[in-house]
Amino acid sequence: MSPFVIPNRIFDPAAECMPRTERAGFQATHLRRTVEQARKIPFYRRKFAEKHITADSIRSVEDLQRLPFTTKQDLREAYPFGFFAVPRSELARVHASSGTTGKPTFVGYTRNDMKIWAGLCARFLVAGGLTADQLVQVSFGYGLFTGGFGLHQGIERVGAAVLPASSGNTQRQIMLLRDAKIDTLICTPSYALNLAEVIAAQGIKRGELALKFAHFGGEPWTEEMRCAVESELGIFAFNNYGLSEIIGPGVAGECAARTGMHIQEDHFLVECLNPETLEPVPEGEEGELVITSLTKEACPIIRYRTRDLARLYYDPCPCGRTTIRMSRIKGRSDDMMIIRGVNVFPTQIEEALLKVDGTAPHFMIELTRPGNLDEAVVKVEMRPQEFSDKMEAMHRLRDNISREITAITGLHFHVELVEPNTLERFTGKAKRVIDKRNLSC
Ligand code: DLL
């Protein structure tokens with residue numbers, strides 16, 4: 001067996017390492033069942049009728065291409081429970097997506113959905129080294145957000161112990177980490193950075209913490225950010241991906257090889273499409289992830305357009321799992337800024353900043369359009385030790401940052417250096433762009 005595979009009762013080689021052709025047969029059966037289940041939802045019943053789709057006509061995974069897409073807008077229009085395929089009596093849990101535009105989007109789970117969800121979270125945690133003897137602090141919010149409860153049930157399924165700290169109150173989080181000798185931390189990567197900074201500011205020594213591992217997800221982050229957080233907290237950090245409309249965390253996660261996140265293909269079909277033409281992009285090229293659930297009862301979902309941009313890799317992973325792997329998410333197409341006609345993602349700014357010594361990856365982008373041309377300002381925090389009143393040193397730092405940003409984005413950003421600890425900190429997902437351009441008029 002590969003050295004990357006950690007034997008554990010959760011790891012399921014029959015499902016995770018099966019030959020790809022065999023998996024396709026299994027997926028086709030489940031796709032057929034999903035179409036059957038989705039017919040209970042008026043939206044899909046209508047779309048299937050328009051396209052003459054019946055469950056029986058689904059014979060292979062290639063038939064996926066004939067199925068209709070689902071967008072966030074479709075879900076919104078069916079508010080509150082129009083995308084539920086089961087009666088209320090069969091529901092075991094309801095969560096909601098972190099809607100930025102007023103009303104949330106509800107997602108329901110039957111008892112069986114809950115069991116599957118716990119198993120999926122357990123699987124990626126185990127792939128990333130979680131063992132039953134660890135004590136895990138969950139610093140995701142427990143509530144409508146799927147992060148807290150989702151990871152919580154996965155940890156319990158593994159048999160590890162969970163400390164449900166929930167989000168917020170950074171001082172108390174650090175006290176818990178230290179006093180309970182937590183080995184594994186679960187939160188967003190930006191919150192981990194926030195914790196690392198406060199830990200350093202309080203003069204807490206590495207030896208006072210027992211932290212070894214972390215599982216981060218819920219927002220885009222870069223490899224540079226991983227290096228920074230790992231070295232500041234002395235941990236090994238794994239990436240995991242999911243979204244509430246699909247299930248929550250548990251769609252994909254990294255194994256110890258960390259060569260992309262293994263998609264849990266026995267439960268989800270993932271396509272990578274050109275967002276304009278909606279045609280598949282060639283293997284390894286960037287596109288929008290479009291996800292179909294294969295085993296969900298309460299909220300089966302077909303070809304959901306995630307708006308998340310990533311790449312898919314089909315080559316074998318050293319860990320032995322045969323599932324497709326997805327790259328980091330470059331960003332959501334919703335987060336993409338179009339500045340003077342050039343597409344820019346906040347992750348590109350993060351990448352640039354982490355290449356320059358002396359800056360902290362705390363930044364805020366402000367976009368304005370004083371005349372006809374966009375202006376982009378990035379406020380960047382300095383590290384306390386680099387903050388000085390020597391103009392020349394500050395100018396040099398600013399020029400270095402500006403050069404890196406231009407090298408990565410091809411655009412000029414005005415760089416404003418700001419004092420340590422002056423930009424907003426986030427306890428969940430970071431929000432880094434303020435767009436004052438009033439583009440709707
Ligand atoms: O964030 C579910 C989740 C919770 C995943 C905890 C992982 C850990 P939503 O609030 O619906 O659900 O937000 C989903 O977050 O479409 C991506 O844009 C982004 N996202 C989630 N995980 C990652 C990741 C949860 N690892 C949206 N890398 C998704 C990049 C991520 N972006």
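Of all residues in the range 248-257, none satisfies being in contact with a strand residue (DSSP E or B) (Cβ under 8 Å, 6 or more places away or on another chain) and more than 15 Å from the ligand (Cβ to nearest atom).
Name the residue that is farthest from Leu309 (Cα to Cα), counting only residues in the range 339-349 that are open to solvent by less than 10 Å² (accessible area, probe 1.4 Å) and in contact with a helix residue (DSSP H, G or I) (Cβ under 7 Å, 6 or more places away or on another chain). Selected residue: Ile349.
From the list Glu245, Glu285, Glu265, the one residue that fits, being part of a loop (DSSP other than H, G, I, E, B), closer than 23 Å to Asp63 by Cα and within 14 Å of the chain's Cα centre (by Cα), is Glu245. Looking only at the range 248-270, residues that are open to solvent by less than 20 Å² (accessible area, probe 1.4 Å) and on the phi > 0 side of the Ramachandran plot come to 3 in all. Residues in the range 209-226 that are open to solvent by 20 Å² or more (accessible area, probe 1.4 Å) and more than 10 Å from the ligand (Cβ to nearest atom): Leu209, Ala210, Lys212, Phe213, Glu223, Glu224. The single condition from (1) touching a helix residue (DSSP H, G or I) at 6+ places or on another chain (Cβ under 9 Å); (2) at negative phi; (3) in a loop (DSSP other than H, G, I, E, B) that Ser166 fails is (2).
Could you say whether any residue in the range 379-388 is open to solvent by 50 Å² or more (accessible area, probe 1.4 Å), touching a strand residue (DSSP E or B) at 6+ places or on another chain (Cβ under 7 Å) and touching a residue at least 24 places away in the same chain (Cβ under 8 Å)? Yes, because at least one residue in the range 379-388 is open to solvent by 50 Å² or more (accessible area, probe 1.4 Å), touching a strand residue (DSSP E or B) at 6+ places or on another chain (Cβ under 7 Å) and touching a residue at least 24 places away in the same chain (Cβ under 8 Å). Any residue in the range 95-116 that is buried (at least 21 other Cβ atoms within 10 Å of the Cβ), under 24 Å from Thr259 (Cα atoms), within 11 Å of the ligand (Cβ to nearest atom) and under 20 Å from the mean Cα position of the chain (by Cα)? The answer is no; no qualifying residue exists.
Regarding Thr295, is this residue in contact with a strand residue (DSSP E or B) (Cβ under 9 Å, 6 or more places away or on another chain) and near the ligand (Cβ under 10 Å from one of its atoms)?
Working: in contact with a strand residue (DSSP E or B) (Cβ under 9 Å, 6 or more places away or on another chain): yes; near the ligand (Cβ under 10 Å from one of its atoms): no.
So Thr295 does not fit the description; no.
What is the residue count in the range 315-336 for residues that are in contact (Cβ under 8 Å) with a residue 40 or more places away in the chain, away from the ligand (no atom under 15 Å from the Cβ) and not hydroxyl-bearing (Ser, Thr, Tyr)?
Restricting attention to the range 315-336, the residues satisfying the condition of being in contact (Cβ under 8 Å) with a residue 40 or more places away in the chain are 317-333, 335.
Subsequent filtering for residues that are away from the ligand (no atom under 15 Å from the Cβ) retains 317-324.
From the residues that got through so far, the ones that are not hydroxyl-bearing (Ser, Thr, Tyr) too are 317-321, 324.
Matching residues across the range 315-336 total 6.
Considering the range 170-193, and only residues there that are in contact (Cβ under 8 Å) with a residue 40 or more places away in the chain and either open to solvent by 40 Å² or more (accessible area, probe 1.4 Å) or within 17 Å of Cys121 (Cβ to Cβ) (or both), the residue that is farthest from the ligand (Cβ to nearest atom) turns out to be Lys181. Asp357 fulfils the conditions (1) at pLDDT 90 or above; (2) under 17 Å from Met225 (Cβ atoms); (3) outside any strand (DSSP E or B) except for a single criterion, (1). Considering the range 142-158, the residues that are open to solvent by 40 Å² or more (accessible area, probe 1.4 Å) and part of a loop (DSSP other than H, G, I, E, B) include one that is farthest from Thr188 (Cα to Cα), namely Leu144. Which of the residues spanning the range 30-63 are surrounded by 14 or more Cβ atoms within 10 Å (Cβ to Cβ), among the small types (Gly, Ala, Ser) and under 30 Å from the mean Cα position of the chain (by Cα)? Listed by number, the list holds a single entry, Ala38.
Only one of the listed residues (Tyr304, Tyr314) is in contact with a helix residue (DSSP H, G or I) (Cβ under 9 Å, 6 or more places away or on another chain), open to solvent by less than 20 Å² (accessible area, probe 1.4 Å) and not hydrophobic (A, V, I, L, M, F, W, C). That residue is Tyr304.
Applying a threshold of 6 Å to beta carbon distances and a minimum spacing of six or more residues, or different chains, the list of pairs starting in the range 300-314 at a residue that is within 13 Å of the ligand (Cβ to nearest atom) and among the basic types (Lys, Arg) and ending at one that is open to solvent by 20 Å² or more (accessible area, probe 1.4 Å) and modelled with pLDDT under 95 reads Arg307/Arg332; Arg307/Ser333; Arg307/Asp334. Only one entry in Leu243, Leu278 is open to solvent by 10 Å² or more (accessible area, probe 1.4 Å), in contact (Cβ under 8 Å) with a residue 40 or more places away in the chain and within 15 Å of the ligand (Cβ to nearest atom), namely Leu243.
The values are calculated or read from the model by the stated rules, or taken from the named source; none is laboratory data. Treat the numbers as computed from the prediction; the structure is a model and nothing was measured. Please note: Cβ atoms are built from the backbone with ideal geometry, for glycine as well, and neighbour counts cover all protein chains shown. Just the protein is used for accessible areas: all its heavy atoms, side chains included, with ligands, DNA and RNA removed. Shrake-Rupley method; radii C 1.70, N 1.55, O 1.52, S 1.80 Å.
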